[in-house]
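> Below: one structure in structure tokens.
Nothing in this text is a laboratory measurement; each read-out follows from the coordinates by a stated rule. None of the values given here were measured: they were computed from a predicted structure. Cβ atoms come from the backbone with ideal geometry, glycine included; neighbour counts cover every protein chain shown.
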Amino acid sequence: MASILSPFRRSYRYLQYLAHEQPVIFYSCVLGLAGPVLALSVPAVRRNWLGYTPAEPIPTTYPVPKRPRKPVQGYEDE
């Protein structure tokens, strides 16, 4: 059983060592591990607890009127 947890124990001790000896690298590891967790959890938090709803999509076409179109006359269309 101890051999299964050994890599985690060594990682924890290494992070303790980094926190004391090289805090810049330690905080880089902490932020690197927190990024994927936040990327998965923040959208759900915004949607469920903060009431965020996405904006309506921007129209990509001009709406065509629902009436018969008049033929264009003039402007040398003969």
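> Once all Cα-Cα distances of region 9-48 are split into 10 Å bins that start at 0, what whole-number percent is in each one?
28, 36, 23, 12, 0
> Here's another thing I want to ask about it. Along the charge dipole of the chain, Cβ charges K/R +1 and D/E -1, which of Tyr27, Pro57, Pro7 sits furthest on the positive end?
Pro7
> If you don't mind, there's one more thing I want to ask. In nm, to one decimal, how far is the modelled label at His20 from the one at Thr53, with both set 7 Å along Cα→Cβ?
5.5 nm
> Using the Karplus equation 6.51 cos²θ - 1.76 cosθ + 1.60 (θ = phi - 60°), what ³J(HN,Hα) coupling, rounded to whole Hz, does each residue of region 20-37 give in order, writing x for Gly and Pro?
8, 8, 9, x, 5, 5, 4, 5, 5, 5, 4, 5, x, 7, 6, x, x, 5
> Which value, in debye to the nearest 20, describes the size of the charge dipole of the chain about its Cα centre when Lys and Arg Cβ atoms bear +1, Asp and Glu Cβ atoms bear -1, and nothing else is charged? Provide the component values of the computation, followed by the final result.
Numbers: 9 positive and 5 negative charges, 103 e Å.
Using Cβ point charges on Lys, Arg, Asp and Glu, the chain gives about 500 debye.
> Once the Cβ-Cβ distance between Tyr12 and Val42 is put in as r, and R0 is 22 Å, what FRET efficiency do you end up with, to the nearest 0.05?
Once rounded, the FRET efficiency stands at 0.25.
> Based on Cα coordinates alone, diagonalise the gyration tensor for the chain, multiply each eigenvalue by 5, take square roots, and list the semi-axes in whole Å, largest first.
Working: eigenvalues 807, 58, 32 Å².
Semi-axis lengths for the chain are 64, 17, 13 Å.
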